[in-house]
Structure formats: C-alpha cells, structure tokens
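Just below is one structure, and these are the notes that go with it.
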Amino acid sequence: MTQPDWWYDDLKQVGLDFADEAQVATYDERQGSTVAEARRLLMRLGVGPSTALADIGCGTGLLTCEAAGMARSVRAIDISGAMLDAARRRAEAQRLRNIAFEQAGFLTFAASADLDLIVAKNALHHLPDMWKAVALTRMRDALKPGGRLYIRDVAFNCGPDAIPRTVESWIGHMTRDSGYSRADVATHVREEHSTFAWILERLITEAGFRLISREHEGVYAEFVAEAVA
C-alpha cells in the first residue's frame with residue numbers, strides 16, 4: 001500500500017549503523033545476548049509447538065533461531081539487510097526451515113492477525129514516540145485476540161530533571177561492561193528515540209493492550225502485554 005508523503009520512513013538508519021558488517025559481527029557480544037538467555041525468555045513467554053511468533057528487530061537471529069526450535073513458525077523482521085543475512089546464515093547452519101525473513105520495520109511489516117506472540121527487543125527506540133504509538137497499533141492488529149507482546153528496550157526510569165545524571169551513569173556502565181564506547185552511547189541518546197518508561201507504558205495501553213507485567217533494570221524496561229479483543 002502506498003503511504004502518504006507525511007508517513008515516517010521506518011527503513012532509514014537511525015543512530016548506530018547496523019548495516020555495517022563490523023556492527024553486525026560484534027552485536028551479540030556487545031548486547032550480552034546468549035542462547036541460554038533467549039531460551040529462558042521464550043519459555044517464560046510460553047512458546048511451544050503451536051506458537052506463531054514474530055521477532056521484530058531480530059538482529060543476527062539469535063532469539064529467532066532459538067524460537068524456531070520451539071515454535072510452529074517464526075517471522076524474522078529487521079530493517080538491516082546485513083543483520084538479516086547474518087540471521088539467515090545462522091538458520092541455515094542450524095537447518096531451520098520454519099523461519100520467514102522480512103526486510104521491514106514496525107511500520108512496514110505485514111500485519112495479518114495470526115500471531116500468538118511478538119517479541120521486540122532493543123528496537124522500538126528507533127521510532128519517535130508518535131510513531132511508536134502507530135507501531136504498537138500495528139502489532140496489536142498482527143496478533144490474535146489475547147496474543148502477547150514482549151518489549152524490552154532502553155527506557156529512562158526517571159523524570160526529565162534526572163536525565164543528565166541518569167545518562168552519565170548509563171554511559172559509565174556501558175563503557176565498563178560492554179564493547180560500546182562513550183561515543184556510541186552518546187549517539188544513541190542524541191540521535192535515537194529512547195523515551196521514558198512511563199510514556200512507553202501509556203503508549204502500550206493506549207494502543208489496545210492490557211499490561212500483564214512491567215519490570216525495571218537500570219535504564220531498561222521490560223513489558224509483557226496482551227492484545228485486547
């Protein structure tokens with residue numbers, strides 16, 4: 001469908017360039033992603049042989065491929081062709097055949113009302129808040145009634161006055177404990193669209209979800225929500 005001239009282009013690169021092969025090669029290590037962590041999350045979310053799942057912002061496909069071994073079908077969605085190529089290679093190495101790969105974003109993926117679960121880890125912050133709201137309604141429409149949405153993202157768990165010290169503390173943590181530099185984290189804060197956790201919660205509920213759980217960990221927030229029939 002052709003969109004109007006004011007529609008947001010969710011395929012454009014924002015912040016760090018995840019089309020860069022060097023970013024792709026180091027992504028999982030810098031994110032601290034592991035197969036064991038992915039499996040624990042999928043089990044907690046109730047993924048099983050009948051589950052139809054979409055992983056939006058799938059990155060290198062670590063969680064996607066673990067889900068494919070547990071679920072009926074998986075859609076691996078990312079705007080980065082380089083990330084999708086890495087995800088395809090991972091799937092091929094594991095001989096997984098129940099994954100559909102889509103180069104798309106939250107505003108362009110095909111919504112077909114047949115999914116049991118959508119996972120969006122560290123991806124929704126690429127959209128400004130108004131477009132996060134639109135994306136959330138599209139995810140609601142892609143889920144079956146009662147289907148679940150899992151979001152984990154950078155979300156500031158503070159008020160606006162505390163942003164300077166919160167960001168500096170986060171930069172300190174990231175430069176000590178990950179491979180990201182101060183410049184990398186500063187680029188995220190300056191050019192990407194991480195929001196406050198209390199705004200993100202309201203966006204989720206306004207989009208037609210019932211919040212099941214919300215957890216905070218530093219500047220990260222995790223939400224599990226259910227699509228309201």
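Points to keep in mind about this one:
- Region 104-115 residues that are touching a residue at least 40 places away in the same chain (Cβ under 8 Å) and under 18 Å from Pro128 (Cβ atoms), paired with ones that are among the hydroxyl-bearing types (Ser, Thr, Tyr) and in a loop (DSSP other than H, G, I, E, B) (beta carbon under 9 Å, 6 or more apart): Leu107/Tyr8
- Taking helices (runs of 4 or more DSSP H) as the structural unit, those lying wholly within region 1-115 and holding at least 1 residues that are modelled with pLDDT of 95 or more correspond to 35-44, 62-68, 81-93.
- Filtered by the rule that a residue be of a type in the set (A, V, I, L, M, F, W, C) and open to solvent by less than 10 Å² (accessible area, probe 1.4 Å), region 124-142 gives Leu124, Leu127, Ala135, Leu136, Met139, Ala142.
- Residues of region 142-166 satisfying the condition of being closer than 19 Å to Glu215 by Cα and among the charged types (D, E, K, R): Arg148, Arg152, Asp153
- Pair list, Cβ under 9 Å, 6 or more apart: region 64-87 residue over 25 Å from Ser50 (Cβ atoms), other residue open to solvent by 20 Å² or more (accessible area, probe 1.4 Å) and of a type in the set (Ser, Thr, Tyr): Ile79/Thr108; Met83/Tyr27; Ala86/Tyr27
The values are calculated or read from the model by the stated rules, or taken from the named source; none is laboratory data. Everything numeric here is computed off the predicted structure, so don't read it as measured data. As a convention, Cβ positions derive from the backbone with ideal geometry for all residues, glycine included, and neighbour counts pool all protein chains shown. Heavy atoms of the whole protein, side chains included, go into the accessibility calculation; ligands, DNA and RNA do not. Shrake-Rupley method; radii C 1.70, N 1.55, O 1.52, S 1.80 Å.
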